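A.B. asks: The structure under discussion is supplied below as structure tokens; questions concerning it will follow.
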Amino acid sequence: MNKRAQVAILRCPDYDVGRVEAVVERGFELLGGSKRFFGEGESILLKPNMLSAKKPDIAVTTHPDFLKGVARAFKKFAGEVSVGDSPGGAVSGTDRVWSETGIGAACDSEKIYKVVFEKTGSVPLPSQNPRNKRIKTIDIAKAVLDGAALVSLPKMKTHTLMLFTGAVKNLYGCVPGLRKAHYHFMAVHPDDFGELLADIMLLTKPRFAVADAIVSMEGEGPSAGISRHTGLIIMGSDLVAVDAVMAAIMGFDPLSDPTLRASARLGLGVADTRAIEIVGDGNLSDFVIPDFKKPSNWKVRMVPRFLGPLAKKIFWAKPSIDLAVCTRCRICYNTCPAKAIFAQQDRIVVNKSLCIECMCCHELCPDKAISIEYSWLADALTSRSSERRKK
Ligand code: SF4
Ligand code: SF4
């Protein structure tokens, strides 16, 4: 089989800024040099994962020292380097996200421009993916379309809706503000959401990805999981291939992932790891983590779509709010795309019959107050049951 994509997997034990910079430079050398991918003096827009206002050490967001090291490596050949995103909980303001994640301070100390996608306006673009049947026009942040080379800096994490998140899913932050929640509502099934993400990739034309897999997230990602030291930086110009490699490292089958399948079908990259040339510190099999914890609902996500509404009645996973932990911040209430969350007196309550299982609330709750509740059948078929029985 011809190898059509190259991905560098490099060991990087910690967030020492100089070390990250050196590892990324080495990655470029192994991939044939930065000139293969970028023009001398070209403007670069780095897009970290700034999901919500979380401290960097809990592995929800791209680490600020990773961002610094990457930015320094890019500054060796680039012109202007800027950093932009639209965090998921934008409804409650984004200043706190830039501050808590340390990304704002990292930009200040490295003299990098901060681009707040909510403030730079957006451009409605017609969908380019015929299989994205539900959303015909997609709002993309204007700053993403202004000519700088877009570089995705994802965090390697599990994800309760999509099973994992990487360089392609990270592009969802190119959709500013509450449009994200609206699109979730329109494309709630992972297959539809995968087509939407592939569409966003078509429209934003990312040039490169450098993934923060130094400390990753396993379990109930992308925000309620647990951090796990994985000590890697994964980079390449094919975002689909970078994600396929990360998926394989976390123990998922890249070819059964809806986003990678949709992206590969559109010719946006290579999802089959057999067709990816690995350069760096070993073969792909050397890096696979067999006991990387999956989201507890991962088997629910495997239900074939044709089972449709019948399966929905007996096989579901829905959010449940722990009122003892909930701080009544109302982020979930304000962002739920199905309006399934209510404020009743001093309580925040989920109306399960309205819930479309998008897991946005689970993703955005800043206090891990939302867990996932299962129907008896889903519970019986997930590993949670067997784990519980063993106790
Ligand atoms: S309650 Fe949570 S999972 Fe259900 S639709 Fe609202 S945001 Fe999505
Ligand atoms: S469940 Fe979480 S997001 Fe919702 S109000 Fe409570 S603390 Fe805020």
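The values are calculated or read from the model by the stated rules, or taken from the named source; none is laboratory data. Since the model is a prediction, treat every value here as computed from it, not as a measurement. Every residue, glycine among them, receives a Cβ derived from its backbone with ideal geometry; neighbour counts consider all protein chains shown.
A.B. asks: Taking the stretch 344-363, which residues are more than 13 Å from ligand 1 (Cβ to nearest atom) and modelled with pLDDT of 90 or more?
C.D. replies: 347
A.B. asks: Sticking with this one: Within the stretch 58-67, identify whether any single residue is on the phi > 0 side of the Ramachandran plot, within 21 Å of the chain's Cα centre (by Cα) and crowded, with 21+ Cβ neighbours inside 10 Å, and answer yes or no.
C.D. replies: Within the stretch 58-67, one or more residues are on the phi > 0 side of the Ramachandran plot, within 21 Å of the chain's Cα centre (by Cα) and crowded, with 21+ Cβ neighbours inside 10 Å.
A.B. asks: When residues of the stretch 369-391 are filtered for being within 14 Å of ligand 1 (Cβ to nearest atom), modelled with pLDDT under 85 and not hydroxyl-bearing (Ser, Thr, Tyr), how many remain?
C.D. replies: Result for the stretch 369-391: 0.
A.B. asks: Still on this structure, please answer the following. Of 185, 208, which residue is buried (at least 20 other Cβ atoms within 10 Å of the Cβ), touching a residue at least 12 places away in the same chain (Cβ under 8 Å), in the same structural domain as residue 243 (by TED's automatic domain parsing) and away from ligand 2 (no atom under 16 Å from the Cβ)?
C.D. replies: None of the others qualify; the one that does is 208.
A.B. asks: Here is a list of conditions, (1) closer than 21 Å to residue 261 by Cβ; (2) within 13 Å of the chain's Cα centre (by Cα), and residue 187 meets all of them except one; can you say which number that is?
C.D. replies: Of (1) closer than 21 Å to residue 261 by Cβ; (2) within 13 Å of the chain's Cα centre (by Cα), only one is false for residue 187: (2).
A.B. asks: Report, by residue number, each residue of the stretch 7-54 that is assigned to a strand (DSSP E or B) and either of a type in the set (A, V, I, L, M) or surrounded by 20 or more Cβ atoms within 10 Å (Cβ to Cβ) (or both).
C.D. replies: The first filter runs over the stretch 7-54 and keeps only residues assigned to a strand (DSSP E or B), leaving 7-11, 44-48.
Matches in the stretch 7-54: 7, 8, 9, 10, 44, 45, 46, 47, 48.
A.B. asks: Now a separate question. Could you tell me which numbered condition residue 347 fails, if it satisfies all but one of (1) away from ligand 2 (no atom under 11 Å from the Cβ); (2) in contact (Cβ under 8 Å) with a residue 12 or more places away in the chain?
C.D. replies: Answer for residue 347: the failing condition is (1).
A.B. asks: Taking residue 262 as the residue in question, decide whether it is of a type in the set (Gly, Ala, Ser), in a helix (DSSP H, G or I) and within 22 Å of residue 151 (Cα to Cα).
C.D. replies: Working: of a type in the set (Gly, Ala, Ser): yes; in a helix (DSSP H, G or I): yes; within 22 Å of residue 151 (Cα to Cα): yes.
Taking the combined requirement at face value, the residue satisfies it.
A.B. asks: Let me ask something else about it. Checking the condition assigned to a loop (DSSP other than H, G, I, E, B), within 12 Å of ligand 2 (Cβ to nearest atom), at pLDDT 85 or above and surrounded by 12 or more Cβ atoms within 10 Å (Cβ to Cβ), which residue from 366, 337, 319, 295 passes?
C.D. replies: Result: 366 is the single residue among 366, 337, 319, 295 that is assigned to a loop (DSSP other than H, G, I, E, B), within 12 Å of ligand 2 (Cβ to nearest atom), at pLDDT 85 or above and surrounded by 12 or more Cβ atoms within 10 Å (Cβ to Cβ).
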